[in-house]
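The values are calculated or read from the model by the stated rules, or taken from the named source; none is laboratory data. What you are looking at is a predicted structure, and each value in this text was computed from that prediction instead of being measured. Virtual Cβ from ideal backbone geometry, glycine too; neighbours counted across all protein chains shown.
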């Protein structure tokens, strides 16, 4: 998109190079750009989007994956500080950190990016058909193509290996059909590869993963039947824009399967292929069952084969239960030995039935194999070009995950997301922000352009409304007649323009909207599509670009609230969509332009809690040149780290880690205040006033890093009744201080007070790793160790190696379940444990010298009070709630307040460090400017009508209204920086003195009236 | 002489066979060919019992394992269950337990006789005249040896099966000669001891093996050619663990695949299928070479059985112990798969597989004899010799 954005490469500004345009790369690029850095975003394929663009839904909310990703792609494309270079590869990196020179190969697209409009006529006439990689080869594409509908940029590319003209050089006019039809003359077969050299201060590698093709594992039958699919292939099958339009159909006969089996750990946790755990499969397969059931209610049976159910993330354990209760998934703890086609056209799975411990077989209509995530193709070559190492599994090597989980083996080169090993979206996104913070510290110059004031239109001018109705592929158009709705819209008063689009959020449609605003002289825009929650910002931005005040924009949600919920009644759904559009148009007519306000920012940050999360966050923020207050309720820094001795995975002493971090603190502008808690909080983003030890600290941003508390098992498992029944923390101490007498028998009990169906439902993520590490330590002291577990969840990078090491050292593993938790009997001072051994399906009793209770981290006792003071909500699990479960793990719903580490959810040190560093980029972006912009869609008070009754003050969740005395008169004033514009006060005001600016009574009434008007 | 295997403690056994690494994933239980016949045989349970309770399997289970290696093949933790069971058998033998031998223990008796140093076998009369024969004690030095193994004895015992077991070796020697190799056959060579080893009679195995190694050493052998998959597996992977072993063990089929060239002239249309015997395939990893040889013979249509290569079925019996109705069922299942391919010939590298399958065919009154078996080397020589370039 070089010339469209008027970016010149002639004197390129020094920036940060981001390699890979998947969700991690996009997040890193946006974080950097928002903080003022120049970003060069290089993507090998013709479009950014990566693997996340291929996914159907994301869990546990079952949100549409591309729908939440697409706005970020468009933002990255449009951002003036990001130069997106698609279809390009990095070939070399010379120089020193801070002063690298990167060599980038721009591959020939054979289509002029500045000329192509993405109309797609060329692809329709192209005679070539080859498997479409984006759809995992389940359907064909032409030689001239865009990978997917929302491709960003929406520019066609000719596949040189497939095109009839290009397959054999030199170019002779063998085909040329695309040239004939391209009215823009965008096709150019003479285009050549171009090498570009740019100066970069740091590099972020975000090259993601590939899915292993399990052809080698012949006993699982992949390739022998079309009805055996990989996880990603099935994901495409579920997708409304996929090869079957979202219908789960067998490729062999086009029929809906009655039963599907899902098989975990295919090529993962397998010493012959990849010994590591792929981290995401257990839960995505549950999601696939749920979505498949939703798409095809006739699928009656889901069989789910697994080894250890690794549902470790926030809400995952609950999701796992929901899969069983709601979608009716039959979970079978067994790895199938073979899958073969049977004579009925189905597939027969042979497996050991865990309830009888006998071999058994099962006939199903379809099988989905959760295949290993492997390093993306070309990882080795890129590592060589960048001068960094890869690890034993072929991923980019992280020098020391306990110092910086994003630092490669070369200074100045950082790695995030799956490029350094499998991880899920929120972990990838957090790492991306962390990598951005690290890279940013190498960049001297940052430019923050001031946002221009919003264009203001005359509100009283006759309304000229444009309506854009979205198909969202088949998400909407599969049910609602989008074209018909657009036609209908034309008949509505003041509508001067109406059209329908395949993807209204895509880059090309944005341009169409801009053109329409200018050409049709529109002064109101209505988009009937998905949800304003994710997409309103993009459309507002488009309006502003075309010179229209963004508050003159209105959205009708005809997807989530229409096509998705009425998929069985398409005609009625279309009528409802018309109703929704009619209402939106009636409101649009009454919208008023609003202007943003600026308030100055206090360019300092407060970090609450000085465990490893808070310490790291303070360091990373301070490294960006921002002063930090770091407060800690105890009199020492370190938090839980003070109670730990050796850290997983490489037995780094906790003391060493803490010492290294504390030394850094001393060198940075960080004011440490110990014995201090937050006493009160006042103010808003950019201008918080926090009382600490009776003193007011003025800060622009707050980071919550209060961690969690360990949950002491009160009375359970005879805790407290025997000196040798210890929690993992106490055992850690015992191991380090006194060790164990030789030949001690040690028994670990996992999930003590976690993963409960009543009570604390979550999984603490790190306890399995901790117990494995302690078990290994104990065996080194010649102890005999048994671990009683429900699933071994050693999913972390190197976690599976730790598990193998423990087994090799002779640690015995006994599996039980929630209903058969071990019982402890104390007899004359000796400890006897009775437990169930699911492996042998028998009751076992063993005598032991020590019992170690692996206890979880639960929300900090102070969390609720802090949550109330900061107005940051807690989740139902009691941990601080992040802004978005996938894409906003570090932000909260309160602007200017961020979270990291165990205050958000339990996690290990490496994941905590990533989050803490990631927070720094967010804080950095916010506090790099001297002001913040305030949202103008707030409430306002007519002081002449206000009776100062205080109702609004009582009900406001955000502390926005205050009583002010103006001489004799007392009335309410709304603090615009705190007001969210929710309108609650306006609806409660007995005197009708309050108006929600963007939701006036007039507007709402007009909509309601219009609902009942045909 | 190396350390006796049977002295392993349960802990050492678990370490040696990687049993500690068992993930309890259940793949093995469902893989075991016995399971297909309704006999539950769960390697993971045996491993878990040993790890948790320090208990070995019950005696019937101990001898029941076919050592076919399918569980090991599919194990994600690479647990070597066949060796695990082999070591436990060895312990059981030490404690005076015994498996049930077949054929009135004749074959075991042959092994015992051969294990005596004073035995002077006369077992080379069937060889072609051109084949050089050497006496181990002659003091003569030769580099290349062809190891025959137990075929001469088996041919005598199973003569009524008409399998022409010695053809295998005659063909192998002819084919080797075409490649310019003329190995010597050692007159006083012993049985390799494979069956004794896997039955747990480690002591008998060691006696046989040490006589062989001593003979090879005294004639200064460098290369040993072996056609029998069991012999090849034993000589190439077990012997070197126990002896100073300066010899190169060569699999005849593999050797030929690299050297033989065929003319692609089509002479006679014949459809064959190939059985990957366990020691050749799962134990030896030799899958492609026999197929290459078969396909390169003009006219040969190689049709694969439903289960092939690393998933190949078991011939149903092993080690001349514990042959019963289950063995017969497995043999018939294996034959059925071969018959279903429509091939006329089941080509197999292992003559023991052929004996077990023939036994089932005989018991069925040769009702199943829509397919006949042939050793790959005999087949190659018979079919391919005319096409050799």
* Is it the case that some residue within the range B:105-121 is closer than 26 Å to residue B:255 by Cβ and surrounded by 17 or more Cβ atoms within 10 Å (Cβ to Cβ)? -> no
* Please specify each residue of the range A:869-882 satisfying the condition of being closer than 17 Å to residue A:978 by Cα and surrounded by fewer than 22 Cβ atoms within 10 Å (Cβ to Cβ). => A:869, A:870, A:871, A:873
* Asked: So, of the residues in the range A:788-807 that are within 12 Å of another protein chain (Cβ to nearest Cβ) and not in a helix (DSSP H, G or I), which turns out to be nearest to residue A:747 (Cα to Cα)?
  -> A:788
* Structure fact -> Within the range A:353-366, the residues that are buried (at least 21 other Cβ atoms within 10 Å of the Cβ) and facing chain B (nearest Cβ under 8 Å) are A:359
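Looking at the range B:35-49 only, could you name the residues that are under 19 Å from residue B:200 (Cβ atoms) and buried (at least 21 other Cβ atoms within 10 Å of the Cβ)? Steps first, please.
At the first step, the residues of the range B:35-49 found to be under 19 Å from residue B:200 (Cβ atoms) are B:41, B:43, B:46-47, B:49.
If the condition is that a residue be under 19 Å from residue B:200 (Cβ atoms) and buried (at least 21 other Cβ atoms within 10 Å of the Cβ), then B:41, B:43, B:46, B:47 are the ones that fit.
Which is farther than 26 Å from residue B:60 by Cβ and outside the structural domain of residue B:157 (by TED's automatic domain parsing), of B:348, B:334, B:359, B:353?
B:348
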* Going by the structure shown, is residue B:306 over 13 Å from the mean Cα position of the chain (by Cα), buried (at least 17 other Cβ atoms within 10 Å of the Cβ) and outside any strand (DSSP E or B)? -> no
* To do: Can you give me the ranges of the helices (runs of 4 or more DSSP H) entirely in the range B:50-153 with at least 3 residues that are more than 25 Å from residue B:165 (Cα to Cα) and in contact with a helix residue (DSSP H, G or I) (Cβ under 6 Å, 6 or more places away or on another chain)?
  => B:70-74, B:81-94
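Please tell me if residue B:25 is under 24 Å from the mean Cα position of the chain (by Cα), over 19 Å from residue B:238 (Cα atoms) and either in contact (Cβ under 8 Å) with a residue 24 or more places away in the chain or within 12 Å of chain A (Cβ to nearest Cβ) (or both).
no
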* Report yes if some residue within the range B:288-296 is in contact with a helix residue (DSSP H, G or I) (Cβ under 7 Å, 6 or more places away or on another chain), within 14 Å of chain A (Cβ to nearest Cβ) and surrounded by 22 or more Cβ atoms within 10 Å (Cβ to Cβ); otherwise report no. => no
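Grab the strands (runs of 3 or more DSSP E) fully contained in the range A:901-1014, keeping just those with 2 or more residues being within 39 Å of the chain's Cα centre (by Cα) and surrounded by fewer than 17 Cβ atoms within 10 Å (Cβ to Cβ). Show your work before the answer.
Numbers: elements: A:931-934, A:939-941, A:961-966, A:969-974, A:994-996.
Counting at least 2 such residues, we get A:931-934.
Being more than 7 Å from every other protein chain (Cβ to nearest Cβ) and closer than 17 Å to residue B:86 by Cα is the filter here; which residues of the range B:33-48 pass it?
Our first condition is that a residue be more than 7 Å from every other protein chain (Cβ to nearest Cβ); within the range B:33-48, this holds for B:33-34, B:36-39, B:41, B:43-44, B:46-47.
Residues satisfying the conditions are B:41, B:43, B:44, B:46, B:47.
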* To do: Go through the residues of the range A:415-430 one by one and say whether even a single one is in contact with a helix residue (DSSP H, G or I) (Cβ under 8 Å, 6 or more places away or on another chain), in a loop (DSSP other than H, G, I, E, B) and surrounded by 21 or more Cβ atoms within 10 Å (Cβ to Cβ).
  => yes
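So, residue A:112, is that one without any contact (Cβ under 8 Å) to a residue 12 or more places away in the chain and outside the structural domain of residue A:231 (by TED's automatic domain parsing) or not?
Working: without any contact (Cβ under 8 Å) to a residue 12 or more places away in the chain: no; outside the structural domain of residue A:231 (by TED's automatic domain parsing): yes.
Against the criterion (without any contact (Cβ under 8 Å) to a residue 12 or more places away in the chain and outside the structural domain of residue A:231 (by TED's automatic domain parsing)), residue A:112 does not qualify.
Residue by residue through the range B:154-180, note down the ones that are within 14 Å of residue B:225 (Cβ to Cβ) and not in a helix (DSSP H, G or I). Give the steps one after another, and end with the answer.
Here is the first cut: in the range B:154-180, the residues within 14 Å of residue B:225 (Cβ to Cβ) are B:168-180.
Scanning the range B:154-180 gives B:179, B:180.
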* Go through the range A:816-832 and count every residue that is surrounded by 12 or more Cβ atoms within 10 Å (Cβ to Cβ) and not in a loop (DSSP other than H, G, I, E, B). => 8
* Asked: Somewhere in the range A:20-34, is a residue out of contact with any helix residue (DSSP H, G or I) (no Cβ under 6 Å at 6 or more places or on another chain), free of Cβ contacts under 8 Å to residues at least 40 places away in the same chain and outside any loop (DSSP other than H, G, I, E, B)?
  -> no
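Could you tell me which of the residues A:729, A:734 is in contact with a helix residue (DSSP H, G or I) (Cβ under 8 Å, 6 or more places away or on another chain) and not in a strand (DSSP E or B)?
From the options A:729, A:734, the qualifying one is A:729.
Considering only the range A:750-772, I want to know if a residue exists there that is in a strand (DSSP E or B) and in contact (Cβ under 8 Å) with a residue 24 or more places away in the chain. Full working, then the answer.
Within the range A:750-772, the subset in a strand (DSSP E or B) is none.
Within the range A:750-772 (the criterion being in a strand (DSSP E or B) and in contact (Cβ under 8 Å) with a residue 24 or more places away in the chain), the answer is no, since none of the residues qualifies.
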* **Residue within the range A:310-317 that is buried (at least 21 other Cβ atoms within 10 Å of the Cβ) and within 14 Å of chain B (Cβ to nearest Cβ) present** => yes
* List the number of the failed condition for residue B:246; all other conditions in (1) part of a helix (DSSP H, G or I); (2) modelled with pLDDT of 95 or more; (3) surrounded by fewer than 19 Cβ atoms within 10 Å (Cβ to Cβ) hold. => (1)
* Could you tell me whether residue B:97 is loosely packed, with under 12 Cβ neighbours inside 10 Å and touching a residue at least 12 places away in the same chain (Cβ under 8 Å)? => no
* **Hey, residue A:485 more than 29 Å from the chain's Cα centre (by Cα), crowded, with 24+ Cβ neighbours inside 10 Å and in a loop (DSSP other than H, G, I, E, B) or not** => no
* Structure fact -> Exception for residue B:8 within (1) surrounded by fewer than 19 Cβ atoms within 10 Å (Cβ to Cβ); (2) at the interface with another protein chain (Cβ under 10 Å from one of its Cβ atoms) falls at (2)
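Out of everything in the range A:833-868 that is more than 27 Å from residue A:719 (Cβ to Cβ) and at pLDDT 95 or above, what residue ends up being surrounded by the fewest Cβ atoms within 10 Å (Cβ to Cβ)? Full working, then the answer.
Filtering the range A:833-868 down to residues more than 27 Å from residue A:719 (Cβ to Cβ) leaves A:840-841, A:865-868.
Checking the rest, the ones that are also at pLDDT 95 or above come to A:865-867.
Working: A:865: 12, A:866: 22, A:867: 20.
Going through the qualifying residues, I end up with A:865.
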* When you look at residue A:948, is it in contact with a strand residue (DSSP E or B) (Cβ under 7 Å, 6 or more places away or on another chain) and within 16 Å of residue A:551 (Cβ to Cβ), yes or no? -> no
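Residue-by-condition table, conditions (1) part of a strand (DSSP E or B); (2) away from every other protein chain (no Cβ under 14 Å); (3) surrounded by fewer than 20 Cβ atoms within 10 Å (Cβ to Cβ):
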position: A:299; (1), (2), (3): no, yes, no
position: A:327; (1), (2), (3): no, yes, yes
position: A:339; (1), (2), (3): yes, no, no
position: A:348; (1), (2), (3): yes, no, yes
position: A:351; (1), (2), (3): yes, no, no
position: A:368; (1), (2), (3): yes, yes, no
* **Residue within the range A:841-862 that is within 14 Å of chain B (Cβ to nearest Cβ) and not in a strand (DSSP E or B) present** => yes
